[in-house]
Amino acid sequence: MAQPRKGEKTTVTMPAGLIGGVETILFYTAFILFPSQMVVLFAVMAALTLVTVVQRLVWAYRSL
């Protein structure tokens, strides 16, 4: 099992995914700037979020 990073209060540290805080802000900014492309942007964000979920499930299966 992974050791907690210094200063964390949990023993489980999730790996980084494709969609995190900065990427979410960028997508929301794009939603506002390009409202005519919102369906495409939502689809891309949903697909990337799904990839992140699958990555973390595979990590959890292997690590926990």
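Evaluating 6.51 cos²θ - 1.76 cosθ + 1.60 at θ = phi - 60° for every residue in the stretch 20-32, the Karplus couplings come out as x, x, 5, 5, 4, 4, 4, 5, 5, 5, 5, 4, 6 Hz, glycine and proline recorded as x. The phi-based Karplus calculation (6.51 cos²θ - 1.76 cosθ + 1.60; θ = phi - 60°) puts the 3J(HN,Hα) values of the stretch 54-64 at 5, 4, 6, 5, 5, 4, 5, 4, 6, 9, 9 Hz, whole numbers, x for Gly and Pro.
No lab work stands behind these numbers, since they all come straight from the coordinates. Predicted, not measured: the structure shown is a model, and the values here were computed from it.
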